[in-house]
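Bear in mind these aren't lab numbers, they're just calculated from the coordinates by the rules spelled out. Keep in mind the model is a prediction, meaning the values are calculated, not measured.
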Amino acid sequence: MSNEKPMNPLEMLAYVLALQIRDHQVVYVGTGLPMVAAILAKKTHAPNITMVYESGGQNPIEGDMPWSVGD
């Protein structure tokens, strides 16, 4: 038996949003789910995107999931 659980609606939405992002795009990222989707895209299939956060930050240093676009 598998320990995997189905995605909840927010996880599914982040996944679908991430799929809309293509490599080498400039992506303007808002707080919350858009930030999750952009990071998911960068880590899975679009490593060369340029993320511009609503706070003005650009291409953050990779690390833990930030609390907000200002972290």
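Each residue of the stretch 9-21 is assigned a 3J(HN,Hα), and the resulting list reads x, 5, 5, 5, 5, 4, 4, 5, 4, 4, 5, 6, 8 Hz, derived from the Karplus form 6.51 cos²θ - 1.76 cosθ + 1.60 (θ = phi - 60°), x at Gly and Pro. Database remark: amide H of Met51 closer than 5 angstrom to the amide H of Val27, Asn59 (H placed geometrically; neighbours at sequence offset of 5 or more, or on other chains; Pro and chain starts carry no H). In this structure the amide hydrogen of Gly30, modeled in the peptide plane, comes within under 5 Å of the amide hydrogens of Met35, none closer than 5 places in sequence on its chain.
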